[in-house]
Each structure stands twice: as structure tokens, then as C-alpha cells.
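Novice: Can you keep this structure in mind? I'll have questions shortly.
The values are calculated or read from the model by the stated rules, or taken from the named source; none is laboratory data. Fair warning: this is a prediction, and the values are worked out from it, not measured in the lab. Ideal geometry is used to build each Cβ from the backbone, glycine not excepted, and the neighbour counts take in all protein chains shown. SASA here: full protein model, heavy atoms, side chains in, ligands and nucleic acids out. Shrake-Rupley method; radii C 1.70, N 1.55, O 1.52, S 1.80 Å.
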Amino acid sequence: MNNKNRREKQTLLAMINIYCRDKHEAGQKICFQCNELLQYACKRIDECQLGDKKTTCARCAIHCFKPEYREKVRAVMRYSGPRMLYNHPVLTFYHLIDSRFKTPKT
Ligand code: SF4
Ligand SMILES: [Zn+2]
């Protein structure tokens with residue numbers, strides 16, 4: 001796995017942690033529903049058809065997620081995105097760098 005994909009998965013986990021902690025009050029671990037979302041998104045990232053040309057999923061024009069998961073990820077990002085800079089400044093910095101590029105034309 002390359003560094004970009006690893007960072008994207010770390011960022012996703014951090015965002016889901018914030019979301020689940022505040023919205024689902026699940027305690028130390030994320031709840032079943034959030035874990036299912038995390039596992040699904042990580043699998044999509046691992047199997048991304050764009051390979052080395054992958055941007056971040058939030059910037060991707062293809063967006064291969066099933067609609068239900070896409071909506072869930074959007075809700076997580078809407079809530080946790082603004083809170084990331086305070087909670088995980090370094091991860092947020094690298095995620096912004098990784099987000100610079102849009103999906104290349106295939
Ligand atoms: S949403 Fe786009 S970048 Fe993310 S895994 Fe799917 S194809 Fe790859
Ligand atoms: Zn949850």
C-alpha cells in the first residue's frame with residue numbers, strides 16, 4: 001500500500017472516530033455501523049481502479065462508492081472535516097496535499 005492510500009485511510013478513521021464519538025456516543029471504539037462504513041471505504045481505496053493516479057475519494061469524479069455509503073461518508077466529512085485541523089493538524093495537512101489533484105481523464 002502506498003503512503004497516500006495509508007494516509008487517506010488514517011484520515012478516514014480519524015474522521016469516523018470524531019463523528020461516532022459525538023453522534024453515536026459509542027465510547028472508546030467506533031460502533032458497528034461506523035466500523036462497517038470504515039471497512040467498506042478502506043476496501044474501495046485498496047481496490048481503487050485509478051492505481052497510482054488516485055486522488056482522494058472526496059475529489060474523485062468517478063466515486064465508486066455505493067450511494068448509501070457515499071451519503072454516509074459525506075455526512076462524516078461534513079461533520080468531522082472542520083474539526084480535523086484542531087484534532088489532527090499533521091494528518092489534515094498531508095490530506096490537503098493529497099487532495100490537490102482531481103481524477104485524471106481515463
Ligand atoms: S472514489 Fe475514486 S479515488 Fe476513491 S476508491 Fe473509488 S475510484 Fe478510487
Ligand atoms: Zn458510530
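Novice: Okay, helix-only estimate at 222 nm for the chain: each DSSP H run of n ≥ 4 adds -39500 (n - 2.57), divide by all residues, round to 500 deg cm²/dmol; what do you get? Don't skip to the answer; put the middle values down first.
Specialist: Values: 4 runs with 67 residues, N = 106.
Value at 222 nm, helices only: -21000 deg cm²/dmol.
Novice: Turning to a different aspect of this structure: Starting from the Kirkwood radius over alpha-carbon pairs of the chain, derive D by Stokes-Einstein at 37 °C in a medium of 0.692 mPa s and give it in µm² s⁻¹. It would help to have the intermediate numbers written out before the result.
Specialist: Numbers: Rh = 14.1 Å.
Approximately 233 µm²/s, per Stokes-Einstein.
Novice: Considering only protein heavy atoms, what per residue accessible area in square angstrom results for region 3-98 with a 1.4 angstrom probe?
Specialist: Numbers: 6040 Å² over 96 residues.
On a per-residue basis, region 3-98 sits at 63 Å².
Novice: Within 10 Å, count the other beta carbons around each residue, average over each peptide in 74-86, 3-15, and list them highest first. Spell out each step's value before the answer.
Specialist: Working: 74-86: 14.8, 3-15: 17.8.
Order by mean packing, descending: 3-15, 74-86.
Novice: Using a 1.4 angstrom probe on heavy atoms only, work out the carbon and sulfur share of the accessible area of the chain in %. Don't skip to the end; give the middle numbers.
Specialist: Details: 3750 of 7080 Å².
Carbon and sulfur together cover 53 percent of it.
Novice: Could you list, in their original order, any pairs among Lys4/Lys72; Lys29/Lys54; Lys4/Lys29; Lys9/Lys66 whose Cα atoms are separated by more than 20 Å?
Specialist: On the way: Lys4/Lys72 22 Å; Lys29/Lys54 29 Å; Lys4/Lys29 25 Å; Lys9/Lys66 18 Å.
Table pairs above 20 Å Cα-Cα are Lys4/Lys72; Lys29/Lys54; Lys4/Lys29.
Novice: Taking Cα atoms, how many degrees apart are the long axis of helix 67-87 and the longest axis of the chain, rounded to 10 and kept between 0 and 90?
Specialist: Result, in degrees: 70.
Novice: Let me ask something else about it. Give me the number: length gained by fully extending Tyr79 to Gln28, i.e. 0.36 nm times residue separation minus the C-alpha to C-alpha distance, one decimal in nm.
Specialist: On the way: separation 51, 0.36 × 51 = 18.36 nm, distance 1.90 nm.
Taking 0.36 nm per residue and subtracting the Cα distance, the gain is 16.5 nm.
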